[in-house]
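Nothing in this text is a laboratory measurement; each read-out follows from the coordinates by a stated rule. The structure presented is a predicted model; accordingly, all values stated were derived computationally and were not measured. Virtual Cβ from ideal backbone geometry, glycine too; neighbours counted across all protein chains shown.
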Amino acid sequence: MATTTPLTPAFAARIEGIDAARASKADVAFIREALIAHCVIVLPGQALDGDQQADFAAKFGQLDSYSQMSGDYARGMRKDLLQVSNLGEDGKPVAAGDRRRLLDMGNRFWHTDASFKAVPAHLSMLYGITVTSEGGETQFADMRAAWDSLDPDRRELVEGLVAEHSSTTARRALGFDDFDATNPAITGRVTHDLVRVLPETGRKTLYLSAHADHIVGMPKPAGRMLLAELTEHATGPGNVYTHTWHQGDLVIWDNRCSMHRSCRYRADRETRHFRRASTTAPEFAARTGSDISVPAWKIEAAA
Ligand code: OGA
Ligand code: MN
């Protein structure tokens, strides 16, 4: 019998009594229901090799693929798994100046996974193989509650606005500027509505990410300030669950109604070795067409 224990009153829960490597249809249905209610689910005490993790994730939807990503992120696994790790090919922690370690710092910005793709991520499933003794937590923010708690005038402002997302935005913020201009997976830009409706519940959610570059149709500084302000609002202390990892945790989050970030740890002293699989969210596909106009009052109100 699986049991669900909420980790905060309205966001994130732990489920015990399910073995992800042998998940039945009923187990999958149970987790799906719990994700709709809680957005973030922790399954402790799992033992999963890569194939088992991918097979489990595939029971929830189409797996996202990382094959078109740059060499920086293709890390010697199946194309539908991503290594989130400070270990190099030789099994030792990579050096402080290593490009990969610096690129991984992008995960420390609040973000939703793959919001820069035309079909972004739905569920992400991160499995803790080797965890840190200090630091290295993952934090999650409830984007349904972020919408609910927004002032009515801000709601009116953001509803209908569209953000342009790109995989280079967070990297530029870190100081990278050497992008492969011939790789559309790197330079591609997509647009997503800032306010989305979750099909399962009809609840509204703010769709933000460190990959959101600017607001279409608004002066860039005004749009960026609005994105920063909304992100600050969404990630206030009352709206965040902080997950401290134990070896064997499988943490599943719904990218459509949460943002997340990783926390600092001593990567020179500790090993943090995780593996991720994600499913895709075709119902959250990017907008097509370029018929986006912003009323003048919104530009005035945001600037
Ligand atoms: C990710 C991610 C955060 C972490 O894998 O998508 O953002 O704490 N990870 O490693
Ligand atoms: Mn992420």
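At-a-glance table
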read-out	value
Rg over Rh, two decimals, the chain (C-alpha only, Kirkwood Rh)	0.95
Farthest positive-ward along the chain dipole, Cα basis, beta-carbon charges - from Ser65, Val190, Ala222	Ser65
Taking Val251, Val84 and counting other C-beta atoms within 10 Å, the order from fewest to most	Val84, Val251
Most positive-pole-ward Cα, Asn239, Ala10, Thr169, against dipole of region 3-302 from beta carbon charges	Thr169
Sorted by Cβ density within 10 Å, fewest first, the residues Val119, Val197, Val158	Val197, Val119, Val158
Mean Cα-pair separation over length for the chain, i.e. relative contact order, pairs under 8 Å, 6 or more apart, %	32 percent
Extension gain from Glu89 to Ile299, taking 0.36 nm per residue of separation minus the Cα-Cα distance	70.7 nm
Segment Ala118-Arg269, length gained on full extension (0.36 nm per residue, minus Cα span)	50.6 nm
Above-threshold pairs, the threshold being 26 Å between Cα atoms, out of Lys25/Lys204; Lys79/Lys117; Lys92/Lys117; Lys79/Lys204; Lys117/Lys220; Lys59/Lys92	Lys25/Lys204; Lys92/Lys117; Lys79/Lys204; Lys59/Lys92
Nearest-0.05 FRET efficiency for Asp151 and Glu16, computed from C-beta distance (R0 45 Å)	0.70
Around Ile292: net Lys/Arg minus Asp/Glu count, Cβ-Cβ under 11 Å	-2
Acute angle (nearest 10 degrees) that the helix 25-38 long axis makes with the longest principal axis of the chain, alpha-carbon atoms	40 degrees
Rounded to 10°, Cα long-axis angle of helix 220-234 versus longest principal axis of the chain	50 degrees
Contact order normalised by residue count of region 166-303, Cα under 8 Å, 6+ apart, percent	29 percent
Only Lys, Arg (+1) and Asp, Glu (-1) charged, at Cβ; the chain dipole about Cα centre in debye	220 debye
Efficiency of FRET from Cβ geometry, Ala2 and Glu200, R₀ 30 Å, rounded to 0.05	0.95
Cross-link reach list, aspartates and glutamates versus Lys298, counting only Cα pairs under 16 Å and skipping chain neighbours closer than eight places	Asp151, Asp153, Glu156, Glu159, Asp193, Glu229
